[in-house]
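One structure below.
The values are calculated or read from the model by the stated rules, or taken from the named source; none is laboratory data. Keep in mind that what you see is a predicted model, and the values were worked out from it rather than measured. No Cβ is skipped: glycine too gets one built from the backbone with ideal geometry, and neighbour counts run over all protein chains shown. The accessibility values were calculated without ligands, DNA or RNA, using every heavy atom of the protein model including side chains. Shrake-Rupley method; radii C 1.70, N 1.55, O 1.52, S 1.80 Å.
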Amino acid sequence: MRSHGHHGQHVHGHGPEHGRGHGHCGPDRREEFRGLRAAFGPFGPPFGPGPFGGRGGPRGRARRGDVRASILALLADRPMHGYEMIQEIGERSGGAWRPSPGSVYPTLSLLEDEGLISSESEGGKKLFTLTDSGRTEAESGPEAPWAEAGRGVDVEAMREIRAAATGLMEAFGQVFKTGSPEQRQKALGVVNDARKKLYLILADEH
């Protein structure tokens with residue numbers, strides 16, 4: 001697929017679905033986060049970087065060309081919002097790759113400047129659609145650019161692990177929001193013990 005060399009271009013109005021700000025964390029949230037960091041170690045919740053961790057792991061990185069090709073391939077199916085594209089790529093890659101808004105929105109801006117996509121406001125969000133030239137470009141590119149990132153990934157196992165991790169985080173967060181100091185310490189002990197047992201599984205120790 002062709003790569004177009006637009007560099008140093010400023011992006012206007014393409015934040016994660018416009019107008020979403022970063023609120024300040026209150027004391028309760030900061031205390032909860034400190035508890036999570038204490039339980040899950042220096043890499044943060046749920047289990048650090050990697051295929052099951054946060055956005056900082058290797059799975060979240062891809063060349064701009066991959067993002068570009070993926071956007072065109074998705075829009076060949078139907079018009080989408082930016083955040084919807086991020087979710088779709090995550091789903092279609094089996095959770096192996098979820099591009100960041102910082103890579104998707106600038107690419108959308110470039111594609112729009114090149115006349116390959118157009119956008120219209122819908123409910124306060126931008127809905128992106130392929131133009132005729134964009135459809136030609138999409139048809140000449142790969143049908144599933146995200147497939148390589150998801151190759152070898154057990155999608156069902158990934159879903160089960162994510163569901164388990166999410167459930168643990170929700171329960172842990174609830175204790176930190178509503179529990180007494182003694183209950184919070186017990187929760188920390190439970191999670192720390194679980195973390196050690198997981199590592200012991202890898203070490204094949206019982």
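Some values worked out for this structure:
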| quantity | calculated |
| --- | --- |
| Residues located in region 64-85, provided they are open to solvent by 10 Å² or more (accessible area, probe 1.4 Å), free of Cβ contacts under 8 Å to residues at least 40 places away in the same chain and either outside any loop (DSSP other than H, G, I, E, B) or not charged (D, E, K, R) (or both) | D77, E84 |
| Filter pass, E143 being acidic (D, E), surrounded by 17 or more Cβ atoms within 10 Å (Cβ to Cβ) and either assigned to a strand (DSSP E or B) or at pLDDT 85 or above (or both) | no |
| Selected residue [of a type in the set (V, I, T) and free of Cβ contacts under 8 Å to residues at least 12 places away in the same chain] from T131, T107, T136 | T136 |
| Cβ-Cβ under 9 Å pairs, at least 6 apart or on other chains, region 162-191 side closer than 28 Å to G90 by Cα, far side β-branched (V, I, T) and open to solvent by 70 Å² or more (accessible area, probe 1.4 Å) | F172/V190 |
| Every residue from region 172-203 that is among the small types (G, A, S), loosely packed, with under 10 Cβ neighbours inside 10 Å and part of a helix (DSSP H, G or I) | A203 |
| Among residues of region 111-131, those that are assigned to a helix (DSSP H, G or I) and farther than 16 Å from A73 by Cα, counted | 1 |
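Yes or no, residue by residue, for (1) farther than 30 Å from A163 by Cα; (2) at pLDDT 95 or above; (3) within 11 Å of the chain's Cα centre (by Cα); (4) open to solvent by 20 Å² or more (accessible area, probe 1.4 Å):
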position: Q87; (1), (2), (3), (4): no, no, yes, yes
position: G95; (1), (2), (3), (4): no, no, yes, no
position: S100; (1), (2), (3), (4): no, no, yes, yes
position: L111; (1), (2), (3), (4): yes, yes, no, no
position: L116; (1), (2), (3), (4): yes, yes, no, no
